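Participant: Quick one: the structure is below, questions incoming.
The values are calculated or read from the model by the stated rules, or taken from the named source; none is laboratory data. This structure is a prediction, so every number in the text was calculated from the model and none was measured. Because the Cβ atoms are built from the backbone with ideal geometry, glycine has one as well, and the counts that use them run over all protein chains shown.
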Amino acid sequence: MSWGGEHGVRISLSAVVMAVRGGRLSVLTTEDANGDLALPSGPFDPVHDRTFERALRAFVTDQTGFGLGFVEQLYTFGDAGRSAPRATPGPDQQREISVGYLALTADAVDVAPPGARWTSVLEVFPWEDRRQAGTPEVLGAALRAWAEADARRETRYEPLFAPGPNLRWDEGAVLDRYELLYEAGLVAEALRDGQDTTPPTLGDRPMSSDHRRILATGLGRLRSKLRYRPVLFELMPQTFTLSGLQAAAEAVVGLNLHKQNFRRGVERTGLVEATGRLSTGTGGRPAELFRFTGAGVQDGQAPGLALPALR
């Protein structure tokens, strides 16, 4: 459906549904007509769809069998001069506008429709995991070569990728890092959109249309919100160990966290309370089980969590 006559506008809706599954932060994905990795998405029909959110929920359920809970709008993408978004077929001159949404779930059940699966976020953005080392060697070399071609580029790439030990890694700048890689011609989407480039082999997975931009926005939003809202508990089961909570936080931010400082920070928030029961599924000594108290959530006063990264 389009508006605006010959040069109309076409709107697509996409969902970033995230869960911690098997110790990894994962996103619900499908496949497009070409077999490329995609987010659940579809076109908004202003005649038949009452609201964006209702249309989005229908797309997700139809394409994955998964029912959405709470969702929040992320951002609207519609840059001119890029081949994506290309969410629906139509006249080439129609401007594509893509609206992304974020949903979190603790119930990452298996999904049955063909092509639907839970995909590790790090399959799409392997450079976002800083737990083992810094920027992957191949990517670091490609970024240095790109930066050396223009002195102004170095001041942009270093704050984002923190190649030196004294540079701070900003875990929330996911979209900025992806956009720089796109501009530098280091991701497959740049080649697809007409850049004269040969992206290096980074072990990453490209996505359909503008879906990797939307996923980057969702991951950055989630990471940033951890510090000022208790969103991590939306990814946790009803009861959990503090080690399990820390592992989930590390999976989200891609950093190793200081165990004692993380626990002290969690206990100071008043967001968890002991259940009086022990977990027997840890493989070692039974660990105490906790639950989320929900303190301050209703009045908007609930704090986020401190993320004391190991240095």
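Participant: Hey, can you tell me all the residues within region 227-246 that are more than 18 Å from VAL71 (Cβ to Cβ) and either outside any helix (DSSP H, G or I) or of a type outside the set (A, V, I, L, M, F, W, C) (or both)?
Facilitator: Taking region 227-246 and keeping what is more than 18 Å from VAL71 (Cβ to Cβ), we get 227-228, 236-246.
Listed by number, the residues that qualify are ARG227, TYR228, MET236, PRO237, GLN238, THR239, PHE240, THR241, SER243, GLY244, GLN246.
Participant: Next up: Considering only region 174-195, state which residues are in a loop (DSSP other than H, G, I, E, B) and at pLDDT 90 or above.
Facilitator: ALA184, GLY185, LEU186, VAL187
Participant: Okay, next question. Any residue in region 143-155 that's basic (Lys, Arg): show its pairings with residues that are at pLDDT below 90 and assigned to a loop (DSSP other than H, G, I, E, B) at Cβ separation under 8 Å, as long as the two are six or more apart or on different chains.
Facilitator: Here the result reads ARG144/PRO163, each pair linking region 143-155 to a residue that is at pLDDT below 90 and assigned to a loop (DSSP other than H, G, I, E, B).
Participant: Out of (1) of a type in the set (Ser, Thr, Tyr); (2) surrounded by fewer than 17 Cβ atoms within 10 Å (Cβ to Cβ); (3) assigned to a loop (DSSP other than H, G, I, E, B), the odd one out for SER208 is which?
Facilitator: All conditions are met except number (2).
Participant: A further question on this structure: Filtering region 104-142 down to residues that are assigned to a loop (DSSP other than H, G, I, E, B) and of a type in the set (Ser, Thr, Tyr), which residue is nearest to the chain's Cα centre (by Cα)?
Facilitator: Among those residues, the one meeting the criterion is THR105.
Participant: Please pick out the residue among THR197, THR201 that is out of contact with any strand residue (DSSP E or B) (no Cβ under 8 Å at 6 or more places or on another chain), surrounded by fewer than 18 Cβ atoms within 10 Å (Cβ to Cβ) and free of Cβ contacts under 8 Å to residues at least 40 places away in the same chain. Can you show your working first?
Facilitator: Numbers: THR201 fails: free of Cβ contacts under 8 Å to residues at least 40 places away in the same chain.
That would be THR197, the only listed residue that is out of contact with any strand residue (DSSP E or B) (no Cβ under 8 Å at 6 or more places or on another chain), surrounded by fewer than 18 Cβ atoms within 10 Å (Cβ to Cβ) and free of Cβ contacts under 8 Å to residues at least 40 places away in the same chain.
Participant: Can you tell me which of ARG223, ARG277 is among the charged types (D, E, K, R) and in contact (Cβ under 8 Å) with a residue 40 or more places away in the chain?
Facilitator: Details: ARG277 fails: in contact (Cβ under 8 Å) with a residue 40 or more places away in the chain.
Of ARG223, ARG277, the one residue that is among the charged types (D, E, K, R) and in contact (Cβ under 8 Å) with a residue 40 or more places away in the chain is ARG223.
Participant: Somewhere in region 256-268, is a residue surrounded by fewer than 21 Cβ atoms within 10 Å (Cβ to Cβ) and in contact (Cβ under 8 Å) with a residue 60 or more places away in the chain?
Facilitator: Yes, region 256-268 has at least one match.
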